[in-house]
Amino acid sequence: MKKEPISRKEKQHTAKVWYKLDLSAIVYPTLQRKDFSSVYRLSVLLKEPIVPEILQQAVDITLKRFPTYKTAIRKGVFWRYLEPNNRPGPFVQPDIRNFCMPMPFKTNNRYLLRIYYHGCRIALEAHHSLGDGSGGMCVLHTLTAVYLRLLGHEISDGYFVKNVNEAPDPEELEDAYMRYANAKVCPPRPGERTYRVRGTKEPFYTFNVINGIVSVKEVAAVAGKYGATVTEYFNAVLLYALLQKQNSEWHLTQKPVKIAMPVNLRRFFPSKTLRNFITMVYPGIDPRLGEYTFEEIITQVHNYMRYYINEKFLRGDITTNANTQRNPFIRIVPLFLKDYVVKQFYTRVQDKNSSAGLTNMGAMKVPENMKPFIERFDIYMGMPFSSRTNCAIISFEDILTVNFASGIVEADVERFFFRKLVEDGIHVSIESNRTV
């Protein structure tokens, strides 16, 4: 496709606009490898087959509304940053079996987004440098609404659907971490190494996905019997599965089992930002203290969530992160040295703080006149940085999907997880891109 010429006025304006990476986004490019990118995937399953030409028109219209997503990543002497990207694209393409593939910064006309379609599905993949799942959902929901409007349907704005004819709210573009990182104390980071899943690494460009589709009502009823929320219940089930996996292997000594769970800070600190605004908590169990029943695991998770997930602790956590960036000495350290230190810390410390990842996007809400066209939503955390499995949960109406993603052959954790759901009386339908 021939690139349209950009006027001198547009070039001058573009040259003045750039976006500093937010507090979380700073880390993600540092972890970039030939076989790994911090990429997540969001998708919506509609009730009619996708028309690619109309979808491309919807992409072109929608991205103008989200300037921080229509960008390319650049490298400075001290920091990376995002700059507006006026190149053609991103172009919609047929979906692939092994998705969430690495996203080199200079390919795809430098876009950090990919849009796929297959059958009735629209899928959006985004590099985490652009924003978290909530920001990505705004793009996907708005894209879907624009697509349906181009087909002749009347779709209202609301919830994650933004008005594409309005300029973005300046607050959508902010690094919200820095506004709220003002606690008077910085809590220490957890440093104990946890149990790591042993598995056979798949060949490069192989991404194993297992989806479990369940009823929201059934899950809520079971969680209620245990006196837990849906998120607490799924955390407990995953910890239970990881403990069973560890017990099935030979170990000289057992290790704690912990889950890395992102918390959406927008629930506690008012912000409209579409960039990253999450922090991590680590619910866990230490089997060295003795054997745990499932009821005891749920109680442990329930109390952990009540104790740590509140405005006071979360403010302290993001202040700890922000103070590192504010340090005058660190600010003048060249980027290549920052990259080396961050990568070493993440590989040797941070990545070893958890046994698996779990995120719950919660219940998706859309405008009332958009509901009849949607079957369900899916979310994938993407390829794990190391040999492990990641679990992502999302629901729409009474359909809840549990999406596991890994780069290893063995699916023992997933098997233990879904077996526990069935034991608790939850009906599960399984989908997978695996051949066996």
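Readers should treat all values here as calculations from the given coordinates under stated rules, not as data from a laboratory. Note that this is a predicted model, so its numbers are computed, not measured. Ideal geometry is used to build each Cβ from the backbone, glycine not excepted, and the neighbour counts take in all protein chains shown.
Dipole magnitude of the chain about its Cα centre, charges +1 at Lys/Arg Cβ and -1 at Asp/Glu Cβ only, in debye to the nearest 20? The dipole of the chain has a size of about 1920 debye. Summarising the strand pairing of the chain, around 85 percent of its internal DSSP beta bridges are antiparallel. Run the count for region 8-180, please: Lys pairs, Cα-Cα under 14 angstrom, 8 or more apart or on different chains. Final tally of qualifying lysine pairs is 4. Between GLY357, GLY425, LEU63, the Cα set farthest toward the positive side of the dipole of the chain (charges on each charged residue's Cβ, about the Cα centre) is that of LEU63. Nearest 20 debye, what's the magnitude of the dipole of region 366-436 about its Cα centre given +1 on Lys and Arg Cβ and -1 on Asp and Glu Cβ? The calculation lands at about 220 debye. Amide H to amide H distances under 5 Å link THR71 with ASN85, LEU112, where only residues 5 or more positions off or on other chains count and H is placed in the peptide plane. Ranked by the mean number of other Cβ atoms within 10 Å of their residues, highest first, the peptides 411-418, 264-271 fall in the order 411-418, 264-271.
Taking N as the residue count of region 258-402, its C-alpha radius of gyration divided by 2.2 N^0.38 Å amounts to 1.27.
Positive contributions from Lys and Arg (+1) and negative ones from Asp and Glu (-1), summed over other residues with Cβ under 12 Å from the Cβ of ILE430, come out at +1.
Rounded to the nearest 20, the size of the Cβ-charge dipole of region 8-180 about its Cα centre is 840 debye, with Lys and Arg at +1 and Asp and Glu at -1.
Taking the number of other C-beta atoms within 10 Å as the exposure measure, put SER37, SER129, SER432 in order starting with the fewest.
SER432, SER37, SER129
The distance from the alpha carbon centre of region 395-433 to that of region 340-363 is 22 Å, rounded to a whole number. Amide H contacts for ARG65 (H built 1.01 Å from N in the peptide plane; partners 5 or more residues away or on another chain; cut-off under 5 Å): none found.
When both region 101-146 and region 12-91 are represented by their alpha-carbon centers, they are found 7 Å apart.
Reported to the nearest whole Å, the Cα centre-to-centre distance from region 267-296 to region 169-231 is 7.
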